[in-house]
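Below: one structure, written as structure tokens.
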Amino acid sequence: MTKIKTILLSCLLSAGLGYVSQAQESRVINTAVPALQIAPDARSGALGDCGVATTPDVYSMHWNAAKYAFQEDDFSIGLAYTPWLRKLVNDMNIAYLAASKRVSKKSTVALSLMYFNLGQINFRNNENVDQGTFNPNEFSVDACYSRKLGDYISGAVSARFIYSDLTQGQGDNYKPAMAVAADIGVYYQRPVYWFKTVDAEIAWGVAITNIGSKMSYNKGSNQTSFIPTNLRLGPSLKLNIDDYNSLMFTFDLNKLLVPTPPVRDNHGNVLRGKDDNVSMVQGLFQSFYDAPDGFSEELKELTIGCGLEYWYNKVFTVRAGFFHEDRTKGNRRYLTFGAGLRYNVFALDISYLVPVNNTSNSGVNPLENTLRFNLVFNINKWKKDNTKLENTKEM
């Protein structure tokens, strides 16, 4: 196996994708930078990887940037950390930094940075000669503008720069890959009066993320890889039971807008499905109808997440969720749990992932024992609290 194939395989494993018990029956859609698909924050990670219509927070960039326009905090900073695939390796992790700032009553801007450390990997050439140990990594930098379009609806556009260095300069023909991408999103929320004794709020969201150029790791070839363009949509329902208790239900539906690999003969000719060596734009539209087994396979390419969040006195929260992916398309199925604490200007969240299926012949699930942590710091609330304290001292 060549160096680049070894690293690309490591990258695939790093996203926890492609683990199917019967590989000959699978048709997993592989992309470059699969880390862009991984939930960066503990809150959504505890809600079954749901986030397109949950109540807004500083981590909305990954899920649906249109939510920022309805965020209550005026200026927030968040830092999230995920040790990744600790059942397989002990030095792979994802760090995520985000910040959002309201610039007017209707508009909010936000920035985020995702850094994926693939850990130390030993490189070998085609003759199996040791080339040394290196530390491949990937990162993305995002910026967005979110604006209310009415009393109950908002929209957002985001720009993203993606950098993936999987070879660390090894090999004459291999290079870091780069891409630019954009997101678009819509978010809607409003109070509803469906229950006599309980105030409620309904929301829904739609977002298409990572609409961008293909990536190439090879200098001497025009071979390119799609980035994980994704369609996410879903609703949420929040019940304000009383002054101290609230409950939110949420549901996300996802589809990769990337061509499905066709069935080919030994000469590379397409037998079933459609040629996946197409442009980004054609691939986006083709992804809705190109599965070799027809509409039934297209339905298998949908992933489903659902989550439940309970808050007590807006201070303590517990969460639970479930994520499902068809066994022929990645075979990820897991329960998620989490908790959070809000104290003054700080917030701390943690989540834990429990697989409900074994995804390899060894019985080891690479996603087992996945923990996520995140912090949020509300700067404007800190400033207001300090101002109140100073005014009290002066009196």
Which whole-number percent is the relative contact order of the stretch 41-193 (Cα, under 8 Å, 6+ apart)?
-> 19
Using only Cα atoms, find the angle between the long axis of helix 379-394 and the longest principal axis of the chain, and express it within 0 to 90 degrees, rounded to the nearest 10.
-> 30
Can you work out the PRE-style zone for residue 269? Point 7 Å along Cα to Cβ, and I want the residues of the stretch 279-295 with backbone N under 20 Å.
-> 292-293
Which of these, 70, 322, 346, has the largest mean-square fluctuation under a Gaussian network model of the chain (Cα springs below 10 Å)?
-> 346
Give me the accessible area of residue 249, 1.4 Å probe, in Å² rounded to the nearest 10.
-> 90
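Which values, in whole Å and largest first, are the semi-axes of the equivalent ellipsoid of the chain obtained as the square root of 5 times each eigenvalue of the Cα gyration tensor?
Each semi-axis is the square root of five times an eigenvalue, giving 38, 24, 21 Å.
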Net charge contributed by nearby residues that have their C-beta within less than 9 Å of residue 367 (K/R +1, D/E -1) = +1
Contact order relative to length of the stretch 180-335, as percent, for alpha carbon pairs under 8 angstrom and 6 or more apart = 16
Multiply the residue separation of residue 282 and residue 239 by 0.36 nm, subtract the distance between their alpha-carbon atoms, and state the gained length in nm to one decimal.
-> 11.3 nm
Here the FRET efficiency for residue 149 versus residue 115, based on Cβ atoms and R0 = 30 Å and rounded to 0.05, is 0.35
Extension gain residue 95-residue 314, at 0.36 nm per residue separation less the Cα-Cα distance, in nm?
-> 76.2 nm
With the other protein chains left in place, how much accessible area per residue, in square angstrom, belongs to the stretch 193-270 at a 1.4 angstrom probe?
-> 52
Sorted from largest down, what three extents in whole angstroms do the Cα atoms of the stretch 253-323 have along their principal axes?
-> 63, 23, 19
Helix 3-14 vs. the chain, principal-axis angle (Cα, 0 to 90°, nearest 10) | 30
1.4 Å probe accessible area per residue over the stretch 21-99, in Å² | 30
Comparing 204, 63, 194, which has the greatest mean-square fluctuation in the GNM of the chain with Cα pairs linked when under 10 Å apart?
-> 194
Hey, can you find the accessible area per residue of the stretch 139-187 for me, probe 1.4 Å, expressed in square angstrom?
-> 45
Average Cα contact separation per residue, the chain, under 8 Å, 6 or more apart, as relative contact order % | 20
Tally up the carbon and sulfur contribution to the accessible surface of the stretch 93-225 as a whole percent, 1.4 Å probe, everything protein left in place.
-> 55
In whole percent, how big is the carbon plus sulfur part of the accessible area of the stretch 268-339, probe 1.4 Å, protein atoms only?
-> 63
Taking K and R as +1 and D and E as -1, what net charge do the other residues with C-beta under 13 Å from the C-beta of residue 341 add up to?
-> +3
Net lengthening on full extension, residue 141/residue 127 (0.36 nm per residue, minus Cα-Cα) = 1.3 nm
Kindly write out, for the stretch 92-109 in residue order, the coupling ³J(HN,Hα) from the Karplus curve 6.51 cos²θ - 1.76 cosθ + 1.60 (θ = phi - 60°), rounded to whole Hz, with x marking Gly and Pro.
-> 9, 7, 10, 10, 9, 10, 9, 8, 9, 9, 6, 9, 7, 4, 10, 10, 9, 10
For the chain, with a Gaussian network of springs between Cα atoms less than 10 Å apart, report the residue from 37, 223, 286 with the top mean-square fluctuation.
-> 223
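The values are calculated or read from the model by the stated rules, or taken from the named source; none is laboratory data. Model, not experiment: these values are computed from the prediction. Cβ sites come from the backbone with ideal geometry, for glycine too, and all protein chains shown count toward neighbours. Ligands, DNA and RNA are excluded from the accessible area calculation, which covers all protein heavy atoms including side chains. Shrake-Rupley method; radii C 1.70, N 1.55, O 1.52, S 1.80 Å.
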